[in-house]
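**Student:** Right, I'll just put the structure down here and ask away after.
The values are calculated or read from the model by the stated rules, or taken from the named source; none is laboratory data. Quick caveat: nothing in here was measured; it's all calculated off a predicted structure. Cβ: placed from backbone, ideal geometry, glycine included. Neighbour counts: every protein chain shown. To get the accessible areas, we keep the full protein, side chains included, count just its heavy atoms, and leave off ligands, DNA and RNA. Shrake-Rupley method; radii C 1.70, N 1.55, O 1.52, S 1.80 Å.
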Amino acid sequence: MILFWESIKEIDWLFSYVPFVLCFFLWLKQQCWILRKRKKRQGLFGYRLIYADQKGNKSQKDFGKLLYSKKYDIQGKPDYIFQKRLGRAIVPVELKSGAIRDGMTPHAGDKMQLATYFLLIEDVYGVRPKYGRLVYRDYMFDIKNTVALRREVRKTLAAMRHMLKTGQGKANCSVAGCRYCVCKGTVCPYWSVTKQRKVKAE
């Protein structure tokens, strides 16, 4: 009988810790994500809008202002910047007119644009965004501001500046990668060549 009650106590002690263990793993799952694809939805619960790329009323004097980072020598106008109502956390949101359909990742250029805003916003507002959001016509992506992504942005910026300075550089062109580029069929000298190669291959 004593052994039975001792066993019951052990089981009871074990179950009392189960909720804490589950909460820990749920928290760990939230911390480990890098990119999440979800159904499109409006707004950010618990956040307020502090910046938009279009001018607002007189009380929103910074709306529409071109943001400039002296540290990284970059400038831009994110579509929206939200700040947590309780705290200083900031989330940039970029809207895209296209659809992502079955794609599991955002377009590379869109991701790099958002990542560049991470650096820009950190320097201007003094707060490093933990993540940002890319919103397409059908889906949206939450993208974490990782060390690897920030390194990739700095590397890309350095390569672009080198190309502007020397006029020399290497373009990684492909029909799939270039189809959403604004330079396609205009100032880009590589697109027509890439397209011809695809036609020949077919």
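Residues are listed down the side, and each one gets a yes or a no for (1) open to solvent by 80 Å² or more (accessible area, probe 1.4 Å); (2) part of a loop (DSSP other than H, G, I, E, B); (3) closer than 23 Å to GLY43 by Cα:
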site	(1), (2), (3)
GLY87	no, yes, yes
GLU94	no, no, yes
PRO106	no, yes, yes
PRO129	no, yes, yes
GLY132	no, no, yes
ARG151	yes, no, no
ARG154	yes, no, no
LEU157	no, no, no
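**Student:** Where the second residue is β-branched (Val, Ile, Thr) and open to solvent by less than 100 Å² (accessible area, probe 1.4 Å) and the first is within 17 Å of GLU122 (Cβ to Cβ) and in contact (Cβ under 8 Å) with a residue 24 or more places away in the chain and lies in the range 151-172, which pairs have Cβ atoms under 6 Å and are six or more apart or on separate chains?
**Tutor:** The qualifying pairs are VAL153/THR116.
Here's the yes/no breakdown for (1) loosely packed, with under 10 Cβ neighbours inside 10 Å; (2) in contact with a Ser or Thr (Cβ under 8 Å, 6 or more places away or on another chain); (3) assigned to a strand (DSSP E or B):
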{"site": "LEU44", "(1), (2), (3)": "no, no, no"}
{"site": "TYR51", "(1), (2), (3)": "no, no, yes"}
{"site": "GLY56", "(1), (2), (3)": "no, no, no"}
{"site": "SER59", "(1), (2), (3)": "yes, no, no"}
{"site": "PHE63", "(1), (2), (3)": "no, no, no"}
{"site": "TYR72", "(1), (2), (3)": "no, no, no"}
{"site": "ILE81", "(1), (2), (3)": "no, no, yes"}
{"site": "VAL91", "(1), (2), (3)": "no, no, yes"}
